[in-house]
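Reviewing the structure listed below.
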Amino acid sequence: MAKRKKLIVMVSSTVYGIEELLERIYAILTRFGYEVWMSHKGTVPVISTKSAFENCLHAVEQCDLFLSLITTHYGSGKEDAESRSITHEELLYAIELNKPRWILAHDQVVFARTLLSNVGYDNAKKRAELKVKRNPVIDDLRVIDMYEAAIRHEVQFADRKGNWVQKFGTADDAQLYASAQFYRYQEVECFLEEHFKNQAAVAQRAAQEKKP
């Protein structure tokens, strides 16, 4: 029998301050039988004619599963101060493509969002007016924008799907979530197959409705 192709999990995150956690997650996922694309480990496929940004988005397109870690550090890759980081763009693209995704968010990001909302800074536009000094807690308030994108904050509550975000405070918390969600390899394969069947059915219905 032909050897079954491994499912590809892309791990999207910044690296600063969570190197040990990324090593743990990489070890767990590879032990469970996945192929893991992670920039920290140098396993993201690189096409020499593309930029780092283009290679990362291409990886989002090609992966089967998407695991995002939203931390207190916003990440690099910005062309200027107003541009989004590569990690932010990866998350938005995964949502746009409706990739099967699992998302972890640091509890300090969740706390900061609640605190700022309570004092009137309850959306991205208002938070952009604030200037955050360099500090060891949160280096860019757009990590809150990432969290809001992940929970589908802009979508009406009744219509929100794919909006589960797991809060974590320690590396052990994050490792437990990754282990619990990914260790049933065969179940994830079945979920993925059903996910794409549903997508195909929706696309087919939409095409039929467009016909005169």
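With the charge dipole of the chain set up from +1 on Lys and Arg Cβ and -1 on Asp and Glu Cβ about the Cα centre, the Cα lying farthest toward the positive end among the listed residues CYS190, CYS63, SER85 is that of CYS190.
Normalised per residue, the accessible area of segment 43-152 is 51 Å², obtained with a 1.4 Å probe and no contribution from ligands, DNA or RNA. I want to check the label-to-label distance for GLN166 and ASP122. Put each point 7 Å from Cα in the C-beta direction and report it in nm to one decimal. For GLN166 paired with ASP122, the spin-label model returns 3.0 nm. With loop membership from DSSP and a limit of 10 other Cβ atoms within 10 Å, the longest segment of the chain without trypsin sites (Lys or Arg not before Pro) is 6-130. Label-to-label distance for VAL137 and VAL15 is 2.8 nm, based on points extended 7 Å past Cα in the beta-carbon direction.
Summary value for segment 125-187: 17 percent relative contact order, contacts being C-alpha pairs under 8 angstrom separated by 6+ residues. Dividing the mean sequence gap of close Cα pairs (under 8 Å, 6+ apart) by how many residues the chain holds gives a relative contact order of 21 percent.
Measuring nothing but protein heavy atoms, the accessible surface of the chain at 1.4 Å probe radius is 53 percent carbon and sulfur. If you look at the Cα atoms of segment 11-104, you get an Rg and a Dmax of 12.8, 39 Å. Seen from HIS58, the other residues with C-beta closer than 11 Å to its C-beta sum to a net charge of -2, counting Lys and Arg as +1 and Asp and Glu as -1. Annotation: segment 12-65 has a Kirkwood hydrodynamic radius of 12.0 angstrom, from the mean reciprocal C-alpha pair distance. With N residues in the chain, what two-decimal value do you get for its Cα radius of gyration over 2.2 N^0.38 Å? Working it through for the chain, the quotient is 1.08.
Once you charge only the Cβ atoms, +1 for Lys and Arg and -1 for Asp and Glu, what is the size of the charge dipole of the chain about its Cα centre, to the nearest 20 debye?
It comes to approximately 400 debye.
Using 0.36 nm per residue and subtracting the Cα-Cα separation, the extra length available between LEU97 and GLU154 on full extension is 18.9 nm. Of all stretches in the chain that contain no chymotrypsin sites (Phe, Trp or Tyr not before Pro) in a DSSP loop with at most 15 other Cβ atoms within 10 Å, the longest one is 17-163.
The values are calculated or read from the model by the stated rules, or taken from the named source; none is laboratory data. No experiment lies behind these values; they were computed from the predicted model shown. Using ideal geometry, Cβ is built from the backbone for each residue, glycine included, and neighbour counts are taken over all protein chains shown. Just the protein is used for accessible areas: all its heavy atoms, side chains included, with ligands, DNA and RNA removed. Shrake-Rupley method; radii C 1.70, N 1.55, O 1.52, S 1.80 Å.
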